[in-house]
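Written out below as structure tokens is the structure these notes cover.
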Amino acid sequence: MNQKLPGKNSHVIRFAGDSGDGIQLQGQQFTVASALAGHDLATLPDFPAEIRAPAGTRYGVSAFQIQFGGERITTPGDEPDVLIAFNPAALIVNLAHLAPHSLVLVDESAFTDQRLKRADLTSNPLEDGTLSEHEVITIDITHLTTEAVKPHGLGTKDAHRCKNLWALGLILWMYDQSREPTREWIKAKFAKDPKIRDANLTALDAGHAYGETAELSHVLAQEKIPEAPLDSVEYRTVTGAEGLALGLVAAGELADTELMFCSYPITPASSLLHNLTGLQDAGVSTFQAEDEIAAVCSAIGASYAGKLGVTSSSGPGVALKTEALGLAVAAELPLLVVNVQRAGPSTGMPTKTEQSDLYQAVYGRNADTPLPVIAAKSPADCFETAIEAVRIALRHMTPVILLSDGYIANASELWPIPDFDEFEAIDTRKPTADDPHQVFDRDPDTLGRLWAIPGEAHHIYRVGGIEKDIESGNISYDAENHQAMTDMRREKIQSIVKFLPDQTIDQGVAGSLAVVAWGSTYGTVYQAVKDALRDGHQVAHIHLRHINPLPGNLGELLSEFDTILVPELNTGQLATLLRDKLGVQVKQLNKVSGQPFTVTEVSEAIASLSSPRIQQVGGSS
Amino acid sequence: MNDLASPLTFKDFATDQEVRWCPGCGDYSILKGVQRALADGGSDPAKTVFVSGIGCSSRLPYYINTFGFHTIHGRAPAVATGVKLANPELEVWVVTGDGDGLSIGGNHLLHALRRNINLNILLFNNEIYGLTKGQYSPTSRFGTVSPTSPDGSVDRPLDPATFALGAGATFYARIVDIDQKAMPGLLVEARDHEGASFVEILQNCIVYNKDVFDDVAAKKTAADTQVVCEHGQPLIFGKDRDQGLRLNPQTLKIEAVTIGAEGVTEADILVHDETNETLAHMLVQLKAPTAMGVILRKPAPAFEASYWGARPTERRRKVVELLHTGNILDHR
């Protein structure tokens, strides 16, 4: 057992290097190995917007953090126990994140004068005492990798590129995890280039062998992390993008409807388009439109023609789609809009996460144009949230906005594969030839109209963005009719409440402090509340999936608490919504740094609003 | 819907909605031409969709008894692309104007044309913004006096035909709104073209740009001011059929000549080849006479055919299978 990392049930590792070093890949492969070793886990990719940022610069550092272990893991961890840094910049920008006395593993060959300068360093942190708090292992990784792959005859550049797998081999040894999934991955990935394939396999093995044989036992020893107490069902790892893609396929199957996913590339939403492309044989076909507006408009066209249109983007792109959302509301067509939020305004920080499009989703359209908004809380939760969003869109014949964010989209977690047989079918109102209803006869419970489809002669109709008669659907400028249509559109969204399950408390107890959160803060808030309960605080975690409309019992539920704390990665948008819709007073915890909350930040906010109640022992008072 | 026993007439394609264009508007004759084309061509109302944007022209779907979708400004080609991709068996028409299609929606028109998706695009060009009360449009001539250009517009106009050909259109035709005789047949040809067909209709806005096309469209002089292009036929025009188009190899331009004068014979006259893009480029730029009819029609695969051809749709994979597949991107 490593003396510096004594007896912990879970570990946090952070891989860091240049954005061209293959850091994300290294992290993903470690994630797979860790999952197969029976650990629960959560990951946080953290990379710059530049694809190949200038090597060695601070702003070009790409990182991947994973927390894994033998207990329930809900966050990628506040502070890494182990940092693997491939160059001075990667070391220096991540130093502040480290836990005290953590293990720092660096590629010594990268610490040249030139590269220190590139990282704006005037002295070498390996020598100047910067790392005195930590256990440091310097290995000449680049050199050792080059030597190892020499027999394969690669050029210098290609040989150096194998170093991420060398280091991965070493870390896999360190945690006694299997190289097999990575070997399989390399074989598939480089099937067409045997030289590169074999060099990478050699690098992986060489790193592993180094761990086994090197004289490092005084600082680097093999760790055995216990398995997590997982239920005996099948698990998989899932990113948010995968969860959404799978959820959309599932929703199509449940609704017996094909989907058209029309999108335009934008960070960090593009990964969803990538994941869905090629799934047309599973009922989802993708179309890369010429711009954001064309993406939403072609999705609306698909919905008009009888497939469910889905579009995705991030905040700036959703802004461009806004007018078309009004059309979908007016035409009463089903549509799903996925917003993978990023830090803004404007271009902002495309690869950094934020929850600042809640106002845009709930309020951000011209005129009285209400539409439902729901939010996913984790990568795995994207699956059910996508199904729920499609269910609402088809049941009420309305566009729906689904909020994800950059963190959820790229992060991964371990997911017990759901039993698909337990999901209810999704009803649609596609009329048959003998359906006595007119197209705009609305279901009294859902206010959804008939989903009449071109190609069928029995319900030929015309519709558009001009206000229409509430019954016939013909153009109408009648004053009372517009009032009636506006009321109908509002009541339609309100009618969704009837179908929502009661809001529950995720964990904790009513009475004192409620931490009300939404979206990707779930894992962090869960852990902070769990810790607070352990420490004797009277606190509860309430996590919202339905943002608009809010669950019908939420006001009553919140009235059971003295204090409400709303942590969110914006300046207070859910807080505003709760004040607006429920008239409650809330306290805010806000952060807009492009990074998720740490557990510590939420814990401190809880502690500032609550005192632990010490249990009396022995009967004295 | 449409069986041989009782073929539909143009009246079957009218709706019960009151047509609300200004009296004398060119749109009335276009509406009639479209309805006749649908009847003549045997279009099935249940399988036909008219998609429009915003503007006077875009009201047309409300007056045609098929499926219709009046969308938002400039976006009709994008919505129609979604309709056509979702169900390639539908006959999809796009109705737009010079403002809708070439100003706010220029991007979508460009991409619909270059993809060659099988949409029948009718661009009503009246060289003015009608519905917003007469401002100059992207096709308005230099110096057009309007509420937003009281001293004459200084925008250089865009030529819809040059735009379409530049975007890679595979079908371009031009016609005047009042040419009822030719319009139904021309629109049926546009409909039957594989891929995007683009028809520019010179349309008279009687209120804001009255008779702007008189130099071309006036009935009295039409025989001398228009040359009707027919594939395989010499490009001859004129009241007395004695005018023709000849290629001047010195200037590399097409010029109008009189047959019988200065030694010109019919053998000197160009024969129209609608598959020849170079000829099409020259013909659309000709001002006197102005070329009408099908100027370009070249075979090319339609986008939706390539799109679905590359995507086997027979459902094989179920979500349960995907759930048990690792990284989706690694397994396709």
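Across 5 Å bins from the origin, how do the percents of Cα pairs in segment A:402-504 run, short distances first?
With 5 Å bins starting at 0, P(r) equals 2, 9, 13, 15, 15, 14, 11, 9, 7, 4, 1, 0.
Scanning chain B for helices, which whole DSSP H stretches are 20 Å or more long along the axis (Cα) and average -1.0 or more by Kyte-Doolittle?
B:26-40
For segment A:341-477, rounded, prolate or oblate, judged on the Cα gyration tensor with a ≥ b ≥ c (square roots of eigenvalues), a/c < 1.5 rounded, else prolate if a/b > b/c?
Oblate shape, in that a/c is at least 1.5 and b/c is the bigger or equal ratio.
Whole percent per 10 Å bin, from 0 to the bin with the longest distance: what is P(r) over all C-alpha pairs of segment A:190-335?
Result, from short to long distances: 10, 26, 21, 16, 15, 9, 2, 0 percent.
About the Cα centre of segment A:507-609, what is the dipole size in debye to 20, counting +1 per Lys and Arg Cβ and -1 per Asp and Glu Cβ, all else neutral?
200 debye
Per the Kirkwood treatment, what hydrodynamic radius in Å, one decimal, follows for segment B:84-183 from the mean inverse distance over all distinct Cα pairs?
14.8 Å
Scaled to the compact-protein estimate 2.2 N^0.38 Å, what is the alpha-carbon radius of gyration of segment A:10-213, rounded to two decimal places?
The value comes to 0.97.
For segment B:174-221, which trypsin sites (Lys or Arg not before Pro) pass both filters: DSSP loop (anything but H, G, I, E, B) and at most 16 other C-beta atoms within 10 Å?
B:Lys181, B:Lys210
Quick one: longest stretch of chain A between exposed loop trypsin sites (Lys or Arg not before Pro), exposed meaning at most 12 other C-beta atoms within 10 Å and loop per DSSP?
By the stated rule (loop sites, at most 12 other Cβ atoms within 10 Å), A:225-612.
What is the calculated FRET efficiency for B:Arg241 to B:His281, with r their C-beta to C-beta distance and R₀ = 35 Å, to the nearest 0.05?
Details: r = 26 Å, r/R0 = 0.73.
For B:Arg241 and B:His281, the calculated efficiency is 0.85.
Tell me the net charge near A:Leu589. Cut-off is 15 Å between Cβ atoms, A:Leu589 excluded, with +1 for each Lys or Arg and -1 for each Asp or Glu.
Once all neighbours under 15 Å are counted, the net charge is -2.
Between 0 and 90 degrees, rounded to the nearest ten: what's the tilt of helix A:573-582 against the longest Cα principal axis of chain A?
30 degrees
Quick one: of A:Lys377/A:Lys587; B:Lys219/B:Lys239; A:Lys307/B:Lys84, which pairs are farther than 19 Å apart, Cα to Cα?
A:Lys377/A:Lys587
For segment A:379-520, give the magnitude of the charge dipole about the Cα centre (Cβ charges: +1 Lys/Arg, -1 Asp/Glu; no others), in debye to the nearest 20.
The calculated dipole for segment A:379-520 is roughly 460 debye.
With chain B treated as a Gaussian network of Cα nodes joined by springs under 10 Å, which of B:Asn118, B:Asn126, B:Asn248 yields the largest mean-square fluctuation?
Result for chain B, Cα springs under 10 Å: B:Asn248 fluctuates most.
When the dipole is taken about the Cα centre of chain B, and only Lys, Arg (+1) and Asp, Glu (-1) are charged at their Cβ, what size is it in debye, to the nearest 20?
It comes to approximately 960 debye.
So what's the net charge close to A:Arg115: Lys and Arg +1, Asp and Glu -1, counting the other residues with Cβ under 12 Å from its Cβ?
-2
Let me make sure I get this right: for segment A:231-499, a, b and c are the square roots of the gyration tensor eigenvalues over alpha carbons, sorted descending. Under 1.5 in a/c it's rounded, otherwise prolate if a/b > b/c, else oblate. Which is it?
Prolate is the answer for segment A:231-499, as a/c is 1.5 or above and a/b outweighs b/c.
In which sequence would A:Asp193, A:Asp506 go, from the one with the fewest C-beta neighbours within 10 Å to the one with the most?
In increasing order of surrounding Cβ atoms, one gets A:Asp193, A:Asp506.
Order these by the 10 Å Cβ neighbour count, fewest first: B:Leu8, B:Leu296.
By the 10 Å Cβ count, ascending: B:Leu8, B:Leu296.
Once amide H atoms are placed 1.01 Å from N in the peptide plane, what residues at a sequence separation of 5 or more from A:Gln588, or on another chain, have their amide H within under 5 Å of its amide H?
Amide H to amide H, under 5 Å and 5 or more residues apart or across chains, A:Gln588 pairs with A:Val566.
Ratio of chain B's C-alpha Rg to 2.2 N^0.38 Å, to two decimals?
1.09
Got a sec? Charge dipole of segment A:377-484, +1 on Cβ for Lys and Arg, -1 for Asp and Glu; which of A:Tyr461, A:Ser378, A:His437 is way out at the positive end?
Looking along the dipole axis, the top candidate is A:Tyr461.
Pick from B:Met282, B:Met183, B:Met292: which is most flexible by mean-square fluctuation in a GNM of chain B where alpha carbon atoms under 10 Å apart are linked?
B:Met282
Taking Cα atoms, how many degrees apart are the long axis of helix A:315-331 and the longest axis of chain A, rounded to 10 and kept between 0 and 90?
Taking Cα atoms only, the helix is inclined about 20 degrees.
Evaluate peptide A:460-472: per residue, the Cβ atoms of other protein chains within 10 Å of its Cβ; return the mean as an integer.
Mean inter-chain Cβ contacts per residue within 10 Å come to 5.
To the nearest 10 degrees, how steeply does helix A:194-213 sit against the main Cα axis of chain A, on a 0 to 90 scale?
Taking the Cα atoms of chain A, the angle to A:194-213 is about 60 degrees.
Once you place label points 7 Å from the Cα toward the Cβ at A:Ala221 and A:Val509, how far apart are they in nm?
It works out to 4.2 nm between the two label points.
Give me the log10 of I(q) over I(0) for chain A at q = 0.06, 0.07, 0.10 Å⁻¹, as the Debye formula computes it from C-alpha points; what are the numbers?
Log10 I(q)/I(0), no solvent term: -0.36, -0.49, -0.93.
Write down the radius of gyration of segment B:188-304 and its Dmax, each obtained from C-alpha positions, in Å.
Rg, Dmax (Cα atoms, Å): 15.8, 52.
With only alpha-carbon atoms in the gyration tensor, what are the semi-axes of the equivalent ellipsoid for segment A:484-532, in Å, largest first?
Working: eigenvalues 223, 30, 16 Å².
Three semi-axes, in Å: 33, 12, 9.
Where in segment A:533-603 are there GluC sites (Glu not before Pro) that are in a DSSP coil and have at most 16 other Cβ atoms within 10 angstrom of their Cβ?
Working: sites: A:Glu556, A:Glu560, A:Glu568, A:Glu601; in loops: A:Glu560.
Passing sites in segment A:533-603 are A:Glu560.
Could you work out the relative contact order of chain A, using alpha carbon pairs under 8 angstrom and six or more residues apart, expressed as a whole percent?
Computed over chain A, the figure is 11 percent.
How compact and how long is segment B:1-112, expressed as Rg and Dmax of its alpha-carbon atoms in Å?
14.1, 45
Using bins 10 angstrom wide from zero, how does P(r) for segment B:148-236 break down, in % of all Cα pairs?
14, 38, 36, 11, 1
State, as an integer percentage, the relative contact order of segment A:507-609 based on alpha-carbon contacts under 8 Å between residues 6 or more apart.
The normalised contact order for segment A:507-609 reaches 33 percent.
Cβ under 9 Å from A:Gly17's Cβ, A:Gly17 left aside: what net charge do those residues give with Lys, Arg +1 and Asp, Glu -1? Write down the numbers at each step before the final one.
Values: positive: A:Lys163; negative: A:Asp18, A:Asp21, A:Asp107.
Summing Lys/Arg as +1 and Asp/Glu as -1 gives -2.
Find the Rg to Rh ratio for segment A:507-609, where Rh is the Kirkwood radius over alpha-carbon pairs and Rg uses the same atoms.
0.93
Read-outs: derived from the displayed coordinates by stated rules, not from any lab. Computed from a predicted model, the values in this text were never measured in an experiment. Don't worry about glycine lacking a Cβ; one is built from the backbone with ideal geometry, like all the others, and counts go over all protein chains shown.
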